[in-house]
Amino acid sequence: MRSATVLLYNTAVGQLREEATGYSFCYSAQFLTTPGVRPISLTLPLATAVYLSPYLFPFFVGLLPEGYNRSVQCRLLKIDENDDFSLLLAVAHTDTIGAVRVVANDPPEL
């Protein structure tokens, strides 16, 4: 399954994974022990637990383009418009709104 490192201001905060039954997100132990850290989202509070969801977490969906921009990017990148995780890995590693980036752990070979 595919996975990605989630970065906040270029600091690794956790891992996002595509599982057979959905998605998981967990904060890294190192990030959790750093004084003064804040969660990346109120819907993903700081915890050692692994968050599970049958669909991509809304916080990460919020990083994706919408409407016409989504259609154009999916067509140019040859990604199914319904494949949120592939689109997230393709576009959220450099150009996102805000301080969070998502970088694929095993980028596909071109």
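The values are calculated or read from the model by the stated rules, or taken from the named source; none is laboratory data. Note that the coordinates shown come from a computational prediction; the quantities given were computed from them, not determined experimentally. Quick reminder, even Gly has a Cβ in these numbers, built from the backbone with ideal geometry, and neighbours come from all protein chains shown.
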Query raised in the report: Which numbered condition trips up S86, out of (1) crowded, with 17+ Cβ neighbours inside 10 Å; (2) among the small types (G, A, S); (3) closer than 19 Å to G98 by Cβ?
Result: (3)
Query raised in the report: What do you reckon, is N69 out of contact with any Leu (no Cβ under 6 Å at 6 or more places or on another chain), at pLDDT 90 or above and either part of a helix (DSSP H, G or I) or within 18 Å of T5 (Cα to Cα) (or both)?
Result: yes
Report task. Please find, among L64, L89, the residue that is over 25 Å from T34 (Cβ atoms) and in contact (Cβ under 8 Å) with a residue 60 or more places away in the chain. Result -> L89
**Report entry** Options P35, P58: the member that is more than 14 Å from the chain's Cα centre (by Cα), modelled with pLDDT of 95 or more and either surrounded by 14 or more Cβ atoms within 10 Å (Cβ to Cβ) or of a type outside the set (S, T, Y) (or both)
**Finding:** P35
Query - Complete set of residues in region 20-32 that are of a type outside the set (S, T, N, Q), exposed (fewer than 14 other Cβ atoms within 10 Å of the Cβ) and outside any helix (DSSP H, G or I) - result: A20, G22
Report summary line: Checked pairs for region 1-14, first crowded, with 17+ Cβ neighbours inside 10 Å, second in a loop (DSSP other than H, G, I, E, B) and among the small types (G, A, S), C-beta under 7 Å and 6 or more apart or across chains, list as L8/A99; V13/S28; G14/S28
Query raised in the report: Quick one: V6 ticks every box in (1) of a type in the set (V, I, T); (2) over 10 Å from the mean Cα position of the chain (by Cα); (3) modelled with pLDDT of 95 or more bar one, so which box is it?
Result: (2)
Query raised in the report: So is P39 under 17 Å from V102 (Cα atoms), outside any strand (DSSP E or B), of a type outside the set (F, W, Y) and out of contact with any strand residue (DSSP E or B) (no Cβ under 9 Å at 6 or more places or on another chain) or not?
Result: no
Query raised in the report: Out of (1) of a type outside the set (A, V, I, L, M, F, W, C); (2) without any contact (Cβ under 8 Å) to a residue 60 or more places away in the chain; (3) in contact with a strand residue (DSSP E or B) (Cβ under 6 Å, 6 or more places away or on another chain), what's the single condition that is false for R101?
Result: (2)
Query raised in the report: Can you tell me which of L89, L52, L63 is out of contact with any helix residue (DSSP H, G or I) (no Cβ under 6 Å at 6 or more places or on another chain), assigned to a helix (DSSP H, G or I) and not hydroxyl-bearing (S, T, Y)?
Result: L89
